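A.B. asks: What follows is a single structure, and I will ask about it in a moment.
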Amino acid sequence: MAYRWKNDLTAADVTPKAAFLNRRQILKATAGLGAIGLVGAGGMAHAQDALAPNTLEEITSYNNYYEFGTGKTDPAANAHQLVTSPWSIKVDGMVDNPGDYALGDLLAGLTVEDRIYRFRCVEAWSMVVPWNGIELADILNKVGVQSGAKYVAFETVVQPENMIGVQRRVLDFPYVEGLRLDEAMHPLTIMATGIYDELISNQNGAPIRLVVPWKYGFKSIKSIVRITLTDQEPPTSWNKSNAREYGFYSNVNPEVSHPRWSQASERTIGGGLFAKRKPTLMFNGYESEVAGLYAGMDLAEYY
Ligand SMILES: Nc1nc2c(c(=O)[nH]1)N[C@H]1C(S)=C(S)[C@@H](COP(=O)(O)O)O[C@H]1N2
Ligand SMILES: [Mo]
């Protein structure tokens, strides 16, 4: 990559959290995952970007994680049942070093960075989340992507005995997602292991989940157990469920409506009773970084 992306949101855009200041302990706790980069903490403030702040409480109590139920508070109520240790990730397909990796082995030596990102659900609500994560590109470069690979497929763990939504078959599980290889290698794309310098909560997708900030939230698949390099566009859960409403790309785009609602504006979680909806930004505010990935594509056709 020719450049290193600079965060445009800072800690001032999220509500201060006691643990966020307590960085030393976290450095100790995540020492096994490599040094923590301070990309977010020193980033540039954009005064015009008046985003509603989100607390850890908001981020961990209003979730989508259908394996634990379809209600917004179901994941917080049920995800304590998720077993996250030990955790291994199968890496297969068109890679030089396929295998079943213990999570710590896969991430060893890679840099955990702070990334404060806008997060926009296809249901037209949004938050600002201070993630800690590793660039997916670093992981892919470590396992060695073969030249014919064009896409990356991801799969969420299935623990039927622990997952009420799996028992009720609310979706076709395992939850699966995918990215084009250039999207996966983009420096904005991270695998998050923390929020506010704490280990990521189960309801947010512990122990490791994808975050692709310019795409609708459902692309950011949780609790990943498999990463596959392939030359075929992989199936994705919401596209399988309703292809007319949910495409493979799912880039945030205020000009392309969902068949049942507008995507031109969004409700900010935690904004309070009288909070105004705010206009949704093209590519969720990351247009200058990612628009080039889609040059020449009709975004209404490739939604
Ligand atoms: N495995 C899995 N991943 C998932 C989901 C899910 O139901 N199952 N929901 C998606 C949707 S619709 C959104 S908006 C985000 C929500 O992430 P958050 O709860 O951490 O805010 O997770 C995405 N990843
Ligand atoms: Mo979502």
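What follows is calculated from the coordinates using simple rules that are stated; it is not laboratory data. These numbers were taken from a predicted model, which means no experiment stands behind them. Backbone-built Cβ (ideal geometry, glycine too); neighbour counts: all protein chains shown.
A.B. asks: With the Cα gyration tensor of segment 116-209 giving a ≥ b ≥ c as the square roots of its eigenvalues, does the rule (a/c under 1.5 for rounded; else a/b larger than b/c for prolate; else oblate) give rounded, prolate or oblate?
C.D. replies: Details: a/c = 1.68, a/b = 1.22, b/c = 1.38.
Here segment 116-209 falls in the oblate category.
A.B. asks: Let me ask something else about it. Treat each spin label as a single point 7 Å out from the Cα along the C-beta direction, and report the Lys150 to Glu255 distance in nm.
C.D. replies: Roughly 2.6 nm, to one decimal.
A.B. asks: Between Ser241 and Lys72, what is 0.36 nm times their sequence separation minus the Cα-Cα distance? Round to one decimal in nm.
C.D. replies: Answer, rounded to one decimal: 58.9 nm.
A.B. asks: Another question, if that's okay. Classify segment 11-294 from the C-alpha gyration tensor, please: rounded if a/c falls under 1.5, else prolate or oblate depending on whether a/b exceeds b/c. Can you show the working numbers first?
C.D. replies: On the way: a/c = 1.24, a/b = 1.10, b/c = 1.13.
Rounded, since a/c falls under 1.5.
A.B. asks: Could you tell me the distance between the Cα centroids of segment 214-249 and segment 151-213, to the nearest Å?
C.D. replies: 10 Å
A.B. asks: OK, next. So for each of 238-249, 184-195 I average, over its residues, the number of other beta carbons within 10 Å; can you give me the resulting order with the highest mean first? Before the final figure, lay out each step's value.
C.D. replies: Values: 238-249: 15.3, 184-195: 22.7.
Ranked from most to least packed, the peptides come out as 184-195, 238-249.
A.B. asks: Here is a further query. Shape verdict for segment 196-303, please, from the Cα gyration tensor: rounded (a/c under 1.5), prolate (a/b greater than b/c) or oblate.
C.D. replies: Values: a/c = 1.59, a/b = 1.03, b/c = 1.54.
Oblate.
A.B. asks: Another question, if that's okay. With +1 on each Lys and Arg Cβ and -1 on each Asp and Glu Cβ, and nothing else charged, work out how big the dipole of segment 11-294 is about its Cα centre, in Debye to the nearest 20.
C.D. replies: 620 debye
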